[in-house]
Amino acid sequence: MRRLTPRTLRARLIAGLLVLLALACAAVGVATSLAMEHFLLERVDQQLVSAGGRFPASLEHQEESRGRGDTRGQARGTLGVRLLNGTVTDAAVVSSRYGAEPRLTAEDQAVLRDVPADGVPRTVDLGVLDDYRVLALPGADGDVLITGLPLHEAEETLHRLQLFEAMLFAAALAVTGVAGAVWVRLALRPLDRVTATARRVAELPLASGEVTLAERVPDTDPRTETGQVGAALNRMLGHVADALGRRHAVEQRLRAFAADASHELRTPLAAIRGHAELALRVTEPMPGPVRHALDRIDAESVRMGELVEDLLLLARLDAGRPLARGEVDLTRLAIEATGDARAAGPDHRWRLELPQEPVTVTGDAPRLHQVVANLLANARLHTPAGTTVTVAVRPLPDGAELTVADDGPGIPAELREEIFERFSRADKDRSRASGGTGLGLAIVRAVVSAHGGTAGVDGEPGRTAFWIRLPAEPPAVEAETAPPS
């Protein structure tokens, strides 16, 4: 069941104000009702005392021609009852000029018998006659004379007062609610400005890149609580902006270093590889250890060259270098990349799930081919022989999705967020010689992001699915200062 209590500060303030006002109105209403009831009963009691027992006493000596008792000076509705030895002998109610005999039930007579003859007014319920205020006095003949006045008019007066108060208090609550809402809104406008500033900052992309954090809370009055909060938020934003600026400067230096180092390494690596290939082409007999060493030099130079190319690609993507734009058939790309993966990993089972019609997007075909190849290589290297790897392509309303899923051991949940980071490895104990450079998935995310898409991974024990989603048309990107190519 949903909670009905207000959640926002504005709603709680207004609700609190209305609750306090309602309690005050209820207290005033109860107090005035009790005071009015006491006042009306006092007036009725005064009339009873003034009337005394004349009307019930006259019932014993009534005249046939004048009706039931002496009603002179008696108010309409006055009740007169004479009891003798606990039995009602005479009873009358002043209806107009004369008294009329009331219809007293046995219960009514029992109630009247229980009224003490002490001259103290009391309230009794006489059934059909409703509530009466009665006064019992001892008579001269050993009888008991009871005079009563109806409380109908007093109760009606009290009910009218209560109705008027309820309407007045309801109007006061409504007016106070509207006025309170306006007043609270005006009072909390500085807090709204703080919230708006925090919301704008929260929507900024702060994860990477250069961030201009110019948002500040305006009009911070240190004499108010909200002004103090705004000033504290402004100081915090200043510290955050400074930290983000320093982080960006460090990132730029690191990227420039990686780009420069990679660029400078290309020439010596090419020379090393060239000399190794030249030495291996010598026809003269060569000692086995020397040939093995030259083979290793050639293989490692190739591997290091691939690492340098990957670092240069990431540096170009970080700098915002524009990619080629052309129509790319993802279905054909998936077929070609899966064929290459099947040749590289014949001990795995490779499956394709493709739609009947080609799925195309606009982008850089070689880079997207590298993305799919990296995902397939990742599945091949990190799953045991016999694993089934499924490549699926499906169209989306605004683009396309490509998924590479396998039924291997899976990736621990705590590692899924970091496997797209550079040099990240799911298997921390795996040596560099037994796997890749740790840049494959980082290149996947960087290339997909450069196309305006997203990349991610879903999985559970026994299943892992890497997916990329590409828009039909990538957004235009203005390049920053590019590193050397």
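Key figures
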{"item": "Residue check, Leu186 modelled with pLDDT under 85, assigned to a helix (DSSP H, G or I) and under 24 Å from Leu20 (Cα atoms)", "result": "yes"}
{"item": "Selection within region 384-419 - of a type outside the set (A, V, I, L, M, F, W, C), touching a helix residue (DSSP H, G or I) at 6+ places or on another chain (Cβ under 9 Å) and assigned to a loop (DSSP other than H, G, I, E, B)", "result": "Thr387, Gly408"}
{"item": "Residue match in region 44-64 (condition: at pLDDT below 85, on the phi > 0 side of the Ramachandran plot and not in a helix (DSSP H, G or I))", "result": "yes"}
{"item": "First in region 101-127 and not assigned by TED's automatic domain parsing to the domain that holds Ala91, second anywhere and surrounded by 12 or more Cβ atoms within 10 Å (Cβ to Cβ) and small (Gly, Ala, Ser), Cβ under 7 Å, 6 or more apart", "result": "none"}
{"item": "Number of positions in region 305-331 that are within 17 Å of Asn374 (Cα to Cα), crowded, with 16+ Cβ neighbours inside 10 Å and not hydroxyl-bearing (Ser, Thr, Tyr)", "result": "10"}
{"item": "Residue within region 119-129 that is modelled with pLDDT of 85 or more and out of contact with any strand residue (DSSP E or B) (no Cβ under 8 Å at 6 or more places or on another chain) present", "result": "no"}
{"item": "Index of the failed condition, Thr157 passing every other in (1) of a type in the set (Ser, Thr, Tyr); (2) surrounded by fewer than 16 Cβ atoms within 10 Å (Cβ to Cβ); (3) free of Cβ contacts under 8 Å to residues at least 60 places away in the same chain", "result": "(3)"}
{"item": "In region 104-129, residue farthest from Val49 (Cα to Cα) [restricted to those that are touching a helix residue (DSSP H, G or I) at 6+ places or on another chain (Cβ under 6 Å) and of a type outside the set (A, V, I, L, M, F, W, C)]", "result": "Thr105"}
{"item": "Residue in region 135-156 that is among the charged types (D, E, K, R), in a strand (DSSP E or B) and over 60 Å from the mean Cα position of the chain (by Cα) present", "result": "no"}
{"item": "Complete set of residues in region 444-462 that are part of a helix (DSSP H, G or I) and within 12 Å of Arg367 (Cβ to Cβ)", "result": "Val444, Ala446, Val447, Val448, Ser449, Ala450"}
{"item": "Filter result for the condition that a residue is outside the structural domain of Ser58 (by TED's automatic domain parsing), outside any loop (DSSP other than H, G, I, E, B), surrounded by 12 or more Cβ atoms within 10 Å (Cβ to Cβ) and free of Cβ contacts under 8 Å to residues at least 40 places away in the same chain, over Leu168, Leu163", "result": "Leu168"}
{"item": "Matching residues in region 460-485 - criterion: being basic (Lys, Arg) and either surrounded by fewer than 15 Cβ atoms within 10 Å (Cβ to Cβ) or at pLDDT below 80 (or both)", "result": "Arg463"}
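The values are calculated or read from the model by the stated rules, or taken from the named source; none is laboratory data. All of these numbers come straight from a predicted model, not from anything done at the bench. Quick reminder, even Gly has a Cβ in these numbers, built from the backbone with ideal geometry, and neighbours come from all protein chains shown.
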